[in-house]
Amino acid sequence: MGEKDTAAKLYFAKPHFFADAFNFFLFGGDKVIKPEELSPMDSTEVAMIFGKKKNTAVQQHRDLLKLWNAGETEDGVFVLLGLEPQSTIHYGMTVRNMLYDALSYATQISNLSSLREQEAKNADNNNGAAGKNNNASLTSGKRIAKIRSSEEFLSGMTKDDKLKPVITLVLNLSGKPWKAPRNLYNILDIKNKRLLKYVNNYRLNIVSPAEIKDEDFAKFSTSLGFALKVVKHQNDAELADVIKKQKSTDTETAGFISAFIKHKKIFQEKDTNEVNMMNGLDLWGQKLQVLAVIKTLKNLGKTDDEYIVDYVVENYQVTPDYVRKLMKEQPAPLSEEAKSQASSVPAHS
């Protein structure tokens with residue numbers, strides 16, 4: 001697992017960020033899901049398929065899975081919420097999520113089957129002497145089947161049993177629009193469209209920051225909105241403005257953002273649970289300016305490193321060691337957006 005994926009998993013494991021992501025997608029930002037209503041679940045999905053006799057196991061590992069107690073009735077309504085942060089675009093995500101959801105339902109049936117089997121065993125044991133005499137020649141499994149209907153025994157659940165709904169949400173953290181298939185139909189190679197009505201479709205639920213209007217990030221109730229706005233602009237010239245407007249953020253969000261942008265020293269920690277971004281931004285702008293000058297001087301044929309060092313020190317109020325350190329990094333050619341950012345941010349000593 002890469003740095004971005006690890007950072008995203010740790011960040012969204014926090015209930016308030018997890019709830020905020022689903023509230024944005026499901027309810028337009030309304031605070032319907034409350035962090036205290038979420039319970040962590042084992043994200044490993046394991047199910048036995050093709051009946052009890054074959055014992056074929058399928059296992060998948062989700063990124064994050066939580067149980068939401070929606071509390072819509074007196075007894076409460078439970079919904080399983082799965083979150084899949086993606087730092088890169090996955091062209092098979094539709095099928096992958098479909099498998100996650102199918103295994104979640106299969107796991108629920110398996111758990112119900114175990115519960116009903118135990119209930120039947122308890123009922124069988126409670127029959128007392130009469131039960132033992134009448135079923136003495138039957139194995140335990142056959143006695144259970146006699147207590148339950150054949151349909152219930154075969155299904156592993158009763159006709160009144162219900163499953164918890166499962167909603168899986170993908171977070172596209174690549175900074176690019178999601179150009180991969182968004183439903184099963186988009187990925188199928190099918191010439192006769194008349195067949196599609198007999199093929200069940202599966203829709204991908206996705207939040208893609210690159211496709212969110214900047215003003216809509218205000219619909220998030222936590223600093224997640226700012227984090228996803230940075231993700232959107234992580235590779236363009238507007239990143240500096242986005243950070244300038246925010247000024248500071250919490251340490252959790254700063255840690256998450258640091259994994260997604262190239263300029264690691266943009267944040268400076270304060271004594272509180274916040275980090276200041278303005279000093280870091282100024283230092284970042286200074287670094288971009290110095291790198292741009294070094295590159296320009298080299299392009300002009302200035303090959304004497306000490307000449308470059310002296311020129312930068314004299315004009316940009318930095319130390320010789322700082323310039324030499326940047327020169328040793330041998331930076332790749334600056335992109336046009338980096339140049340524009342460097343020219344727009346004043347240098348500071």
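Over the stretch 148-227, what is the relative contact order in percent, taking alpha-carbon pairs closer than 8 angstrom and at least six residues apart? Write out the running numbers ahead of the final one.
Working: 49 pairs, mean separation 25.4, N = 80.
Taking the mean separation of contacting Cα pairs over the length of the stretch 148-227, I get 32 percent.
In terms of modelled amide H atoms, which long-range or inter-chain residues lie less than 5 Å from the amide H of PHE78?
ALA70
Compactness ratio of the stretch 173-262: Cα Rg over 2.2 N^0.38 Å, N = residue count? If you can, show how the numbers build up before the last one.
Details: Rg = 17.9 Å, N = 90, 2.2 N^0.38 = 12.2 Å.
With N residues counted in the stretch 173-262, Rg over 2.2 N^0.38 Å equals 1.47.
Sort 302-312, 181-191, 89-99 by the packing proxy (mean of other Cβ within 10 Å over each peptide's residues), most packed first. Let's see the in-between values first.
Numbers: 302-312: 14.5, 181-191: 12.8, 89-99: 17.1.
In decreasing order of mean packing, 302-312, 181-191, 89-99 become 89-99, 302-312, 181-191.
Quick one: net charge of ASP241's neighbours, Cβ under 11 Å, K/R +1, D/E -1?
Details: positive: LYS229, LYS244, LYS245; negative: ASP214, ASP236, GLU238.
Surrounding charge for ASP241 is 0.
Out of every Cα pair in the stretch 170-216, what percent are spaced more than 17 Å from each other?
On the way: 505 of 1081 pairs.
So the pairs more than 17 Å apart make up 47 percent of the total in the stretch 170-216.
In whole Hz, what ³J(HN,Hα) sequence does the stretch 209-215 give by Karplus (6.51, -1.76, 1.60; θ = phi - 60°), x for Gly and Pro?
So the J values, rounded to whole Hz, are x, 4, 9, 8, 5, 4, 5.
Past 30 Å, Cα to Cα: identify those pairs from LYS14/LYS176; LYS31/LYS213; LYS193/LYS219; LYS4/LYS191; LYS9/LYS31; LYS31/LYS197, in the order given. The partial results should precede the final answer.
Working: LYS14/LYS176 25 Å; LYS31/LYS213 20 Å; LYS193/LYS219 39 Å; LYS4/LYS191 39 Å; LYS9/LYS31 22 Å; LYS31/LYS197 37 Å.
LYS193/LYS219; LYS4/LYS191; LYS31/LYS197, as the Cα separations exceed 30 Å there.
Readers should treat all values here as calculations from the given coordinates under stated rules, not as data from a laboratory. Computed from a predicted structure; not experimentally measured. Neighbour counts are summed over all protein chains in view; Cβ atoms, including those assigned to glycine, are modelled from backbone coordinates with ideal geometry.
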